[in-house]
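The structure under discussion appears below in the form of structure tokens.
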Amino acid sequence: MQKTKSPGMIAIAKPAIRLGIAFVGVIVASALSIVLLFQVFSPSSPEPRGLAALAGGILAVYAASSILYIWHTTYQRFSALNTAMEELRQAQSQAEAANQAKSRFLAKMSHEIRTPMNGVLGMNALLLETELSDEQHSYADAVGASARALLSIIDEILDSSKVESGAVDVEEKWLDPVGLIEQVTELLSPRAHAKGIDISCYISPRIPTRIKADAHRIRQVLINLAGNAIKFTEKGGVTISLKLLETSPDSDKISICFSVSDTGIGISENDQSKIFELYAQTEEGAHEKYGGTGLGLPISQQLVQKMGSNIEIASVPGKGAEFSFSLTFECEDQVPHIPETGLADSTAIIAGPQGPACDVLERYLSDYGVTTTRIANPDDFDCQTNSLACSDHIIIDERDETIIRRWLEKTTKQAPGANVWLVLQPEQRRQLRDIFDNGLAGYFVKSVRRNTLLKQLSNGREETIGRAVKALRKKADEIKRTELPVLNIILAEDNPINALLARTMLEKAGHQVTHVTNGQLAVDLVQKALHDGQSVNRPDLVLMDVFMPQLNGLDATRAIRNFEAKARSSERLPILALTANARPEDQKACIDAGMDGYLSKPFDRHDLEKAIAGLVSQTRAA
């Protein structure tokens, strides 16, 4: 195949050819003129000498003019090159300035949104700790989920800027992958249910419960992939799956395959090559039809590549798509023990339409030795007399209230001895509350957690695992709070909602709080306490917001550290930064100013208590 020459190459080649010809002409002309002139002035040269002199002169003039041409052309080229380089430097400088301006704008936008969102999430968390009905608790959970979804959009926009600059960090910590995937599924459930589709997660029983990974980055990737799947799926549902890949028995690491599959519109082969480009859409008008920024998939690919893998696509247009990636982790138990549930050799009927939700239920039960039968329609019960008669459990997963009642009517008549369970969306509990006391073994709330499903079926308890875990966590929190001494804390926060939130959290933990609205007042309180020298009034900790009127948190911290140095204080007052800025450079600025810790908004009570405990333990150790 013949290669075409670009205009740029031609523009460079033509002057080079002309200069080359000119150089050759200078050399030849100079040589000939020297020979001819030598003949003219040589005594032994024959007559006539006039023609040789004329030819030599002409060649000499040609050589001189060629030299002048080469010098002039070279000078012009160097001048143009210098001009182009200067323009390039100016363009690069302008691009860097524009990029810095964009980063400042994104940071400012993030701060302005995170500040009120801290109040929304924090107050909602306090609301969830009060006595609420199941319905009220569901609404409050939805508020929290929506707020966190908004924050994820902000993080996505900030991450797009990081991706462009290559500043993406991965921080690995010990985590439970099962809990992580189930949290992601629950977070996306309201969005899926609002579209009339299901979202479920399947986790292989071979997946260990402790791996070392970056929970934030994995969560971000899965939320992007599953969120996209929900957006492009109108019927059926979305499934998030974890599967353990085969690894060497001698290896101290494992490989896990993460996948997100859907029953949506699918992706054509041509579009598969461009969906990881920033701001790209799979088809004309996709943004108007489905919305979205076009950032999710490119950011996800960059994050997965940073963790050492690539996102793969398998899709058929009109039949859905599957996105998958495999990562290698360090784990505590390479071959996890599958717990005994007592469900082996039992039988169960899964009653509900074909789709991902029922598929996941069937896979979970099969993993733990349960023999399952699928029935898609209540009318098919009449053909399953034998299965119904010997079934231990019947699990009904249906959206339509009328069909649910038909299922229950059939099971009451044909399987009176079976435990009947409903799989419901949160809002369905109110619609069907009249049937809960009518012989039901219980119900599950979508999306169903694996441990909840297995524990409920094996024990038949009325209390859900979620409530038990919540009660244990509450008890553990109470124990932790009693271990932390009562502290005298100065809270410097100018936002009234965030101040009320932090003060409520601290006072609930038993601390004494003095609230001020700017950095200067905080400095005055500290100086007065250090000057008086009374240990009773001496603060144990300062919670310092960074952006405040009159004197900001950074300058206030510097003033406190300077005063401590002048007073030759033997004890360093711990200062914890509270800020809605989430960039690494903001954290560094806080530490450089003399702060001892950093807590990014939004935060909850557990985050605050953990940060305070860390500073107190450091102070005691010092």
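Does E156 meet the test of being open to solvent by 10 Å² or more (accessible area, probe 1.4 Å), modelled with pLDDT of 80 or more and under 18 Å from the mean Cα position of the chain (by Cα)?
Values: open to solvent by 10 Å² or more (accessible area, probe 1.4 Å): yes; modelled with pLDDT of 80 or more: no; under 18 Å from the mean Cα position of the chain (by Cα): yes.
Judged against the criteria, E156 is not a match.
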Using beta carbons and a limit of 9 Å, which pairs, at least six apart or on different chains, have the first residue in segment 419-448 and open to solvent by 10 Å² or more (accessible area, probe 1.4 Å) and at pLDDT below 70 and the second one among the basic types (K, R) and assigned to a helix (DSSP H, G or I)? F436/R429
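How many residues does segment 305-320 hold that are under 23 Å from E171 (Cα atoms) and in contact with a strand residue (DSSP E or B) (Cβ under 6 Å, 6 or more places away or on another chain)?
Filtering segment 305-320 down to residues under 23 Å from E171 (Cα atoms) leaves 305-311.
Right, trim to in contact with a strand residue (DSSP E or B) (Cβ under 6 Å, 6 or more places away or on another chain) and you get 307, 309, 311.
Of the residues in segment 305-320, 3 are under 23 Å from E171 (Cα atoms) and in contact with a strand residue (DSSP E or B) (Cβ under 6 Å, 6 or more places away or on another chain).
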Subset of segment 594-612 that is part of a helix (DSSP H, G or I) and in contact (Cβ under 8 Å) with a residue 40 or more places away in the chain - its residue that is most open to solvent (accessible area, probe 1.4 Å): H606
Are there any pairs with C-beta distances below 9 angstrom linking a residue in segment 555-572 that is assigned to a loop (DSSP other than H, G, I, E, B) to a residue that is of a type in the set (D, E), with the two at least 6 apart or on different chains, and if so which? E571/E564; R572/E564; R572/D596
Failed item, numbered, when G466 is tested on (1) at pLDDT below 85; (2) out of contact with any Ser or Thr (no Cβ under 7 Å at 6 or more places or on another chain): (2)
Sort out which residues of segment 173-204 are of a type outside the set (A, V, I, L, M, F, W, C), outside any helix (DSSP H, G or I) and either closer than 18 Å to L327 by Cβ or open to solvent by less than 20 Å² (accessible area, probe 1.4 Å) (or both), and write them in order of number. K173, D176, S200, Y202, S204
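Go through segment 250-274 residue by residue and tally those that are free of Cβ contacts under 8 Å to residues at least 40 places away in the same chain and either open to solvent by less than 20 Å² (accessible area, probe 1.4 Å) or not hydroxyl-bearing (S, T, Y) (or both). I'd like the intermediate steps shown before the answer.
Let us first name the residues in segment 250-274 that are free of Cβ contacts under 8 Å to residues at least 40 places away in the same chain, namely 250, 269-271, 273-274.
Restricting the remaining residues to those that are either open to solvent by less than 20 Å² (accessible area, probe 1.4 Å) or not hydroxyl-bearing (S, T, Y) (or both) gives 250, 269-271, 274.
Counting residues in segment 250-274 that are free of Cβ contacts under 8 Å to residues at least 40 places away in the same chain and either open to solvent by less than 20 Å² (accessible area, probe 1.4 Å) or not hydroxyl-bearing (S, T, Y) (or both) gives 5.
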Subset of segment 575-593 [open to solvent by less than 10 Å² (accessible area, probe 1.4 Å), of a type outside the set (G, A, S) and closer than 30 Å to E129 by Cα]: I575, L576, L578, T579
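Take residues that are modelled with pLDDT under 85 and open to solvent by less than 60 Å² (accessible area, probe 1.4 Å) and tell me which of the helices (runs of 4 or more DSSP H) falling wholly in segment 293-401 contain 3 or more. Outline the logic, then answer.
On the way: elements: 296-306, 356-367, 385-389.
It comes to 296-306.
Collect the residues in segment 475-505 that are assigned to a helix (DSSP H, G or I) and modelled with pLDDT of 50 or more, keeping them in residue-number order. Give the steps one after another, and end with the answer.
Pass one, segment 475-505, residues assigned to a helix (DSSP H, G or I): 475-483, 496-505.
Listed by number, the residues that qualify are D477, E483, P496, I497, N498, A499, L500, L501, A502, R503, T504, M505.
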Right, I240: assigned to a helix (DSSP H, G or I), modelled with pLDDT of 90 or more and over 14 Å from V304 (Cβ atoms) or not? no
May I ask you to list the residues in segment 553-573 that are closer than 20 Å to S600 by Cα, open to solvent by less than 50 Å² (accessible area, probe 1.4 Å) and of a type outside the set (A, V, I, L, M, F, W, C)? G553, T557
Any chance L521 is under 29 Å from D607 (Cβ atoms) and buried (at least 22 other Cβ atoms within 10 Å of the Cβ): no
Just to be sure I understand, how many residues within segment 496-551 are more than 25 Å from M123 (Cα to Cα) and in contact (Cβ under 8 Å) with a residue 60 or more places away in the chain? 1
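The values are calculated or read from the model by the stated rules, or taken from the named source; none is laboratory data. On a predicted model such as this, the values are computed, not experimentally measured, just so you know. Cβ: placed from backbone, ideal geometry, glycine included. Neighbour counts: every protein chain shown. Areas reflect the complete protein model, heavy atoms only, side chains present, ligands, DNA and RNA absent. Shrake-Rupley method; radii C 1.70, N 1.55, O 1.52, S 1.80 Å.
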